[in-house]
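A.B. asks: Starting off with a structure, shown below.
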Amino acid sequence: MTEKKVIFLESVDSTNRYVLDLPDEQKSQGLVVRAEEQTAGRGRLGRRWASPRGKGLWLSVLWRQVWPAEKNYLLTFAAALATARAVEEVTLCQTEVKWPNDVLVGRKKVAGILLEQRGSSEPGRWLVAGIGINVSQQQAEFSEAYRQHATSLREACRDAPEKEKLFQALLAQLDFFYDLYRVGKEETLRSFFVESSNIWGERVRIRQANRLLEGSASGIDERGGLLVRTGEKEVAVYAGDLILQEWWAEKEEKALENQ
Ligand code: BT5
């Protein structure tokens, strides 16, 4: 493996923001920025990512876009797969990836990916893949709003792994999966993602800004969309939150109990 340039920060608002704001001469392929804490860690759609001091791996990796923008989703897949593999290497845990940007252990979210870019999206431009992995929080530390669907490696696996070990494993996996993207192994990346996800044939819901879709998850199309079968039709969705059946079933059970 090539030696990686890593910038460690004690505290930052967001490692993604930090990398995107670096002057061009400080940007290089594979540069990693890692922080002990993020004070304004971000998720998709302007959401927050809780990144308490010392409790997780909060980092961003800088990547060159090689292919047209419609292939950028492969980099989200690459980062999610790298994270899932790295977790499995250093814990006794089984992971799964969840479309479009999550890693789960025991069906709860242990890590999230946020791919971002400034300006236009064209080959040759920089992209940043932000990765947040919950390592040692206790369940009660997660906000009530998502506690039911979130976990840390310490809670979900028998023990929290050493953060440094996880970090080194992740760097190697990120190299491996970025290379698949770089050389155009699109089908390989897509099928790795499909094989690493256990939702196929399950009833799922997809929440989008103004609609809720329910159907059976059937695959990933060549633009990274989730294929969902509803009755006779199969539709592809390109954005949204995928809600697992046990998540909404639990909510409904709770609502019934409270009646
Ligand atoms: C994500 O967004 O899952 C992307 C998370 C990316 C975080 C990394 S950390 C390093 C880098 N720098 C950044 O600023 N960000 C990246 P999304 O799918 O939109 O999920 C966000 C939602 O997950 C929130 O709205 C909460 O409901 C929930 N959430 C927030 N913090 C969480 C946590 N620590 N663990 C599990 N769920 C969380």
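A.B. asks: Which order results if Lys108, Lys71, Lys4 are arranged by neighbouring Cβ count within 10 Å, fewest first?
C.D. replies: Lys4, Lys71, Lys108
A.B. asks: If packing is taken as the average number of other Cβ atoms within 10 Å across a peptide's residues, how do 141-149, 54-62 rank, most packed first?
C.D. replies: Going from most to least packed, we get 54-62, 141-149.
A.B. asks: Still on this structure, I have one more. Order 128-137, 112-121, 227-236 from most to least packed using the mean count of other Cβ atoms within 10 Å.
C.D. replies: 128-137, 112-121, 227-236
A.B. asks: Within 10 Å of each residue's Cβ, count the other Cβ atoms and sort Tyr238, Tyr178 from fewest upward.
C.D. replies: Ranked by crowding around the Cβ, least crowded first: Tyr238, Tyr178.
A.B. asks: To the nearest 20 debye, what is the magnitude of the charge dipole of segment 23-129 about its Cα centre, counting +1 on the Cβ of each Lys and Arg and -1 on the Cβ of each Asp and Glu?
C.D. replies: My answer is approximately 380 debye.
A.B. asks: Give me the Kirkwood hydrodynamic radius of the chain, using the inverse of the mean 1/r over all pairs of distinct Cα atoms, in Å to one decimal.
C.D. replies: Evaluated over the chain, this radius sits at 18.8 Å.
A.B. asks: While we're here: So for the chain, averaging the separation of alpha carbon pairs under 8 Å that are six or more residues apart and normalising by length, what relative contact order in percent results?
C.D. replies: With pairs under 8 Å counted, the relative contact order is 16 percent.
A.B. asks: Bin width 10 Å, alpha-carbon pairs only: give the P(r) of segment 91-219 as whole percents, running from 0 to the bin holding the largest distance.
C.D. replies: 10, 34, 37, 19, 1
A.B. asks: Where the only charges are on Cβ atoms (+1 Lys, Arg; -1 Asp, Glu), what is the dipole of the chain about its Cα centre, to the nearest 20 debye?
C.D. replies: The dipole magnitude comes to about 340 debye.
A.B. asks: Pop a pseudo-label 7 angstrom from the Cα along the beta-carbon direction at both Thr188 and Arg64 and give the gap in nm to one decimal.
C.D. replies: Inter-label distance under the simple model: 1.9 nm.
A.B. asks: Quick one: Val32, Val194, fewest Cβ neighbours within 10 Å first, how do they rank?
C.D. replies: Val194, Val32
A.B. asks: Counting DSSP beta bridges with both partners in the chain, what percentage is antiparallel, nearest 5?
C.D. replies: 85 percent
A.B. asks: Apply the Karplus parameterisation 6.51 cos²θ - 1.76 cosθ + 1.60, with θ equal to phi minus 60°, to every residue of segment 101-113 and state each ³J(HN,Hα) to the nearest whole Hz, in sequence, with x for glycine and proline.
C.D. replies: Residue by residue, segment 101-113 yields 8, 10, 10, 10, 10, x, 6, 10, 6, 10, 8, x, 10 Hz.
A.B. asks: Which helices of the chain meet both criteria: a Cα extent of 15 Å or more along the helical axis and a mean Kyte-Doolittle score no lower than 1.0, with helices taken as whole DSSP H segments?
C.D. replies: For the chain, where a helix must reach 15 Å along its axis and average at least 1.0, the hits are 73-90.
A.B. asks: Excluding same-chain residues fewer than 8 positions from Lys233, which lysines have a Cα within less than 28 Å of its Cα?
C.D. replies: Lys71, Lys98, Lys251
A.B. asks: Also: List every residue whose amide H lies under 5 Å from the amide H of Val66, counting only residues 5 or more places away in sequence or on a different chain, with H placed 1.01 Å from N in the peptide plane.
C.D. replies: Answer set, sorted by chain and number: Gly124.
Every number here is computed from the coordinates shown, using simple stated rules; none is lab data. Because the structure is a prediction, the values reported are computed rather than measured. All Cβ positions, glycine included, derive from the backbone under ideal geometry; neighbour counts span all protein chains shown.
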